[in-house]
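Q: Below is a structure I'd like to ask you about.
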Amino acid sequence: AFRIGELLAENVSDLRQMFVATHSSDVVQGMLGRASEATIVRLDRVGDKNSFRVLDRADLKSIAVDPLLQSARVLDGIFYPAAMVVEADSDARFYHATSHKLSPKADIHTVNAQNKQTVARVASLYRKLGLRCTGIVDFDVLNDPGEFASQLDALGMTAAEKEDVASGRDAIGAFVEKQPVLERADTATSKLRNLLAVVESGMTESCRQDTACVEGILRKIVSSCASTANASRPWSSFKEHGRDLLSKELQATFDRLAQICARHGLYLNPYGELESLLVDQGIEYTTDKKAWIHRALALIPNLQIDPSKRMWTLLAEIHGLLRIND
């Protein structure tokens, strides 16, 4: 399909105009790479009404030639009426499965932007191209003021909005950094003691003779050390619990800045991060995302939709932003 797109573009000349209709992002990508001039029109139909939008060729090409965005199949999104842009592949799998459960007939493209820094950029491109789109990021997007400022720039906020949001982020950041350091040290120390006890009890003589047993112990060490390192950082508890750990005043601050970001296509997870969404449905929080996503995807088909549960509350808000039921 990519090569067909190239061949079509190569056969256009000053004496020959070509009209191509396609649902293939590979064809579009091939044409963009070879066509010196191209007008790309996106057709959408809602009910009995058609809409037409001329897409910015430079924006499309910036997706088509970016190796990171190419591999994430970002260009596929232009064939959907709505899109969710997330930080990682596990997030994409989770939000695709839960969104389909909540709204089985909704036509939503869920795309992995590969990292937190790229989410706002992709979401902004989609919105410029006429898609109803929102990016979804974890609470700790507020961690780095410089990185967060670049997200705001990508969203196209007004100067006043950026100032308001940045001021709220600074207040939240100052609160997080003031959390008692001794408490974090005690938590990390407790985790290390627990790990040592597990290793000492597990490394029996019989285990030492079993390669698989020793490898299992090593995996526990790696996982526990990662968890301990996370627990030692000021933002670790907030990654797990989100806005709930803020003071009442700062919860209102977060809600205000989150609303502004949401209007511009970036949804901040108020519960912390992906692994925090199912704690009220039996899957505890963990820093082992691989193990968590396997449990989550196995659970989702059997879940009842309950608006009182955090996952369904979050999804209802996101679907509202995407105007899924319009």
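The values are calculated or read from the model by the stated rules, or taken from the named source; none is laboratory data. These numbers come from a predicted model, not from an experiment. Neighbour counts are summed over all protein chains in view; Cβ atoms, including those assigned to glycine, are modelled from backbone coordinates with ideal geometry. Just the protein is used for accessible areas: all its heavy atoms, side chains included, with ligands, DNA and RNA removed. Shrake-Rupley method; radii C 1.70, N 1.55, O 1.52, S 1.80 Å.
Q: Going 7 Å from the Cα of Ala291 toward and past its Cβ, which residues in the stretch 210-241 have a backbone nitrogen under 19 Å from where you end up?
A: 212-232, 237, 240-241
Q: Relative to the longest principal axis of the C-alpha atoms of the chain, give the angle of the C-alpha long axis of helix 116-128, reported between 0 and 90° and rounded to the nearest 10°.
A: 30 degrees
Q: Determine the percent antiparallel among the DSSP beta bridges restricted to the stretch 76-158, to the nearest 5. Intermediate results must be reported in sequence, preceding the final value.
A: Numbers: 0 of 9 bridges.
Of the beta bridges lying entirely in the stretch 76-158, close to 0 percent run antiparallel.
Q: Report, ordered by chain and residue number, the aspartates and glutamates lying within cross-link reach of Lys105, taken as a straight Cα distance under 15 Å and ignoring same-chain residues fewer than 8 apart.
A: Reachable aspartates and glutamates: Asp326.
Q: Residue by residue through the stretch 22-39, what is 3J(HN,Hα) from phi via Karplus (6.51 cos²θ - 1.76 cosθ + 1.60, θ = phi - 60°)? Round to whole Hz and write x for glycine and proline.
A: 8, 10, 10, 5, 5, 4, 4, 5, x, 5, 4, x, 10, 7, 6, 9, 7, 10
Q: Now, a different point. What spacing in nm lies between the two simple spin-label points modelled at Gln117 and Ser51, each 7 Å away from Cα in the Cβ direction?
A: So the two model labels end up 3.3 nm from each other.
Q: What Kirkwood hydrodynamic radius, in Å, does the stretch 146-284 give when the mean of 1/r is taken over all pairs of distinct Cα atoms and then inverted?
A: Numbers: mean 1/r = 0.0559 Å⁻¹.
Here the Kirkwood hydrodynamic radius works out to 17.9 Å.
Q: Along the Cα→Cβ direction, 7 angstrom out, place labels at Leu303 and Gln251. What is the inter-label distance in nm?
A: Here the modelled spin labels are 2.2 nm apart.
Q: Another question, then. Would you work out the Kirkwood radius for the chain? I mean one over the mean of 1/r across all pairs of different Cα atoms, in Å. Before the final figure, lay out the partial values.
A: On the way: mean 1/r = 0.0448 Å⁻¹.
Here the Kirkwood hydrodynamic radius works out to 22.3 Å.
Q: Tell me the carbon and sulfur percent of the accessible area for the chain, rounded to whole percent, probe radius 1.4 Å.
A: On the way: 9000 of 17270 Å².
Of the solvent-accessible surface of the chain, carbon and sulfur hold 52 percent.
Q: 222 nm [θ] for the chain, helices only, -39500 (n - 2.57) per DSSP H run of 4+, per residue, to 500? Spell out each step's value before the answer.
A: On the way: 15 runs with 181 residues, N = 326.
After summing the helix terms and dividing by the residues of the chain, the value is -17500 deg cm²/dmol.
Q: Further, regarding this structure: At what distance in nm do the modelled label points of Thr158 and Asp244 sit from each other, each positioned 7 Å from its Cα along Cα→Cβ?
A: 3.6 nm
Q: Follow-up question, since we're still on this one. Output the antiparallel fraction of DSSP beta bridges having both residues in the chain, as a percent to the nearest 5. Present the calculation step by step, with values, prior to reporting the outcome.
A: Numbers: 8 of 20 bridges.
In the chain, DSSP labels about 40 percent of beta bridges as antiparallel.
Q: Obtain the radius of gyration and the Kirkwood radius of the stretch 85-171 from its C-alpha atoms and give Rg over Rh.
A: 1.01
Q: Here's another thing I want to ask about it. Where the centroid of each part is defined by its Cα atoms, how far is the stretch 21-90 from the stretch 149-206 in Å?
A: Each part reduced to its Cα centre gives a spacing of 36 Å.
Q: Additional query: Remind me, relative contact order of the chain in percent, using alpha carbon pairs under 8 angstrom and six or more residues apart? Write down the numbers at each step before the final one.
A: Working: 426 pairs, mean separation 52.9, N = 326.
Rounded, it is 16 percent for the chain.
Q: Using a/c under 1.5 as the rounded threshold, could you call the stretch 41-113 rounded, prolate or oblate? The axes a ≥ b ≥ c are square roots of the C-alpha gyration tensor eigenvalues, and prolate needs a/b larger than b/c, oblate otherwise.
A: Details: a/c = 3.80, a/b = 1.04, b/c = 3.64.
Here the stretch 41-113 falls in the oblate category.
Q: Counting only heavy atoms of the protein chains, get the accessible area per residue of the stretch 1-135 (1.4 Å probe) and round it to a whole Å² value. Intermediate results must be reported in sequence, preceding the final value.
A: Values: 7210 Å² over 135 residues.
So the stretch 1-135 comes to 53 Å² accessible per residue, rounded to a whole number.
Q: Calculate the FRET efficiency for Thr313 and Leu196 from the Cβ-Cβ distance with a Förster distance of 45 Å, rounded to the nearest 0.05. Let's see the in-between values first.
A: On the way: r = 40 Å, r/R0 = 0.89.
The calculated FRET efficiency here is 0.65.
Q: Would you mind getting the Kirkwood hydrodynamic radius of the stretch 1-153 from its Cα pairs, rounded to one decimal in Å? Walk me through the intermediate numbers first.
A: Numbers: mean 1/r = 0.0599 Å⁻¹.
The answer is 16.7 Å.
Q: Using heavy-atom solvent-accessible surface (probe 1.4 Å) with all chains present, what is the largest-first order of Phe139, Phe52?
A: Working: Phe139 0, Phe52 140 Å².
Highest to lowest solvent-accessible surface, that is Phe52, Phe139.
Q: Also: What is the helix-to-structure angle for 145-155, meaning the angle in degrees between its Cα long axis and the longest Cα principal axis of the chain, kept from 0 to 90 and rounded to the nearest 10?
A: 30 degrees
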